[in-house]
Amino acid sequence: MSKQNSEKPYKIQTTALGYKIYHYNNVYSTNDTAKEIAKKTSEERIVVLAEAQTRGKGRLGRRWISPKGGVWLSIILRPRITPIEALKLTFITSSAVAKTIKTMFGLMTEVKWPNDVLVNGRKICGILTETSSKRKSVESMVVGVGINANIDLECFSPSLRDAVTSLQYELGHKIKRKALTRNLLRNFEHRYKCLQRGLWNALLQEWKSMATFLGEQVQITSFDDVLAGEAWDIDEDGALVIRLENGTLEKVVVGDLTLRKQP
Ligand code: BTN
């Protein structure tokens with residue numbers, strides 16, 4: 001094992017849901033630790049949980065601020081899907097997070113394409129799905145979930161502070177992270193089983209029902225391109241369909257979405 005993972009997990013237990021949990025104090029990134037573990041076993045439903053990450057990773061090579069107090073975890077899975085379907089895992093995970101936060105704390109949650117969960121319009125959770133594939137089939141997938149749970153917003157740079165939030169900030173008190181993790185895994189498990197049973201359409205409908213940006217004027221930054229138009233739909237592969245000002249529909253598979261302020 002590389003140096004970054006030389007720290008031993010301080011707790012390994014199997015939950016009632018059949019997940020094996022590797023619990024660490026500090027890792028660089030739970031996704032990286034999970035990918036190392038995935039290479040050494042053919043098991044799935046392994047959860048790597050860390051109190052803090054020193055090199056937490058966000059999408060598109062960004063850094064993910066991960067001090068003590070958050071829920072930073074990665075799930076190792078071996079779904080029977082093609083690499084192109086990886087977005088499906090991201091979608092069912094954000095639905096599970098949104099549902100868990102809404103049910104446990106009564107907060108209104110929304111999902112934002114492709115991988116965010118928002119509360120009061122600010123990001124509370126991000127998901128990073130990484131796939132290891134051989135030829136055209138998926139060998140393993142690591143779904144990384146970062147929830148700003150008991151996090152003080154002072155941890156974020158002033159430039160980020162308006163765009164992010166935490167459960168502690170929204171509720172005015174700390175939450176029980178163990179209960180949140182348990183409920184999240186339960187809600188995730190239900191959706192993962194539905195996906196394996198071929199119920200993707202229903203899962204996508206659920207995600208769309210929480211996607212309040214649909215029908216709004218948005219801007220998408222995708223590599224060096226900026227597109228503006230109405231967020232028209234999500235297609236069956238999870239791509240965002242934009243209706244441009246000239247009426248044409250364009251699909252976007254990678255990018256960052258922001259709502260456009262109306263004049
Ligand atoms: C994003 O919104 O850009 C994705 C953020 C994903 C963060 C989580 S925290 C647990 C897991 N380990 C990582 O290094 N990243 C993911």
* Asked: Among (1) open to solvent by less than 70 Å² (accessible area, probe 1.4 Å); (2) within 22 Å of the chain's Cα centre (by Cα), which single condition is THR248 missing?
  -> (2)
* strands (runs of 3 or more DSSP E) wholly inside the range 207-246 that include at least 3 residues being within 22 Å of THR93 (Cα to Cα) -> 225-234
* Asked: Can you find a residue in the range 221-232 that is closer than 25 Å to LEU77 by Cα and touching a residue at least 40 places away in the same chain (Cβ under 8 Å)?
  -> no
* Boolean, GLY61 is within 17 Å of the chain's Cα centre (by Cα) and at pLDDT below 95 -> yes
* So GLY229, is it open to solvent by less than 20 Å² (accessible area, probe 1.4 Å) and not assigned by TED's automatic domain parsing to the domain that holds CYS125 -> yes
* To do: Considering only residues that are in contact with a strand residue (DSSP E or B) (Cβ under 6 Å, 6 or more places away or on another chain) and within 16 Å of the ligand (Cβ to nearest atom), look in the range 164-178 and name the one that is least open to solvent (accessible area, probe 1.4 Å).
  => THR165
* Asked: Has the range 180-194 got at least one residue that is part of a loop (DSSP other than H, G, I, E, B), away from the ligand (no atom under 12 Å from the Cβ) and open to solvent by 50 Å² or more (accessible area, probe 1.4 Å)?
  -> no
* Asked: Restricting the search to the range 233-250, which residues are of a type in the set (Gly, Ala, Ser) and free of Cβ contacts under 8 Å to residues at least 12 places away in the same chain?
  -> GLY247
* To do: Kindly indicate whether TYR169 is within 19 Å of VAL47 (Cβ to Cβ) and aromatic (Phe, Trp, Tyr).
  => no
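So that you can scan it fast, the table gives a plain yes or no per residue for (1) out of contact with any Ser or Thr (no Cβ under 9 Å at 6 or more places or on another chain); (2) free of Cβ contacts under 8 Å to residues at least 60 places away in the same chain:
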{"site": "LEU73", "(1), (2)": "no, no"}
{"site": "ARG78", "(1), (2)": "no, no"}
{"site": "VAL97", "(1), (2)": "no, no"}
{"site": "MET104", "(1), (2)": "yes, no"}
{"site": "VAL111", "(1), (2)": "no, no"}
{"site": "ASN115", "(1), (2)": "no, yes"}
{"site": "LEU118", "(1), (2)": "no, yes"}
{"site": "THR131", "(1), (2)": "no, yes"}
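The values are calculated or read from the model by the stated rules, or taken from the named source; none is laboratory data. Just so it is clear, the structure is predicted and the values come from calculations on it, not from any experiment. Cβ: placed from backbone, ideal geometry, glycine included. Neighbour counts: every protein chain shown. To get the accessible areas, we keep the full protein, side chains included, count just its heavy atoms, and leave off ligands, DNA and RNA. Shrake-Rupley method; radii C 1.70, N 1.55, O 1.52, S 1.80 Å.
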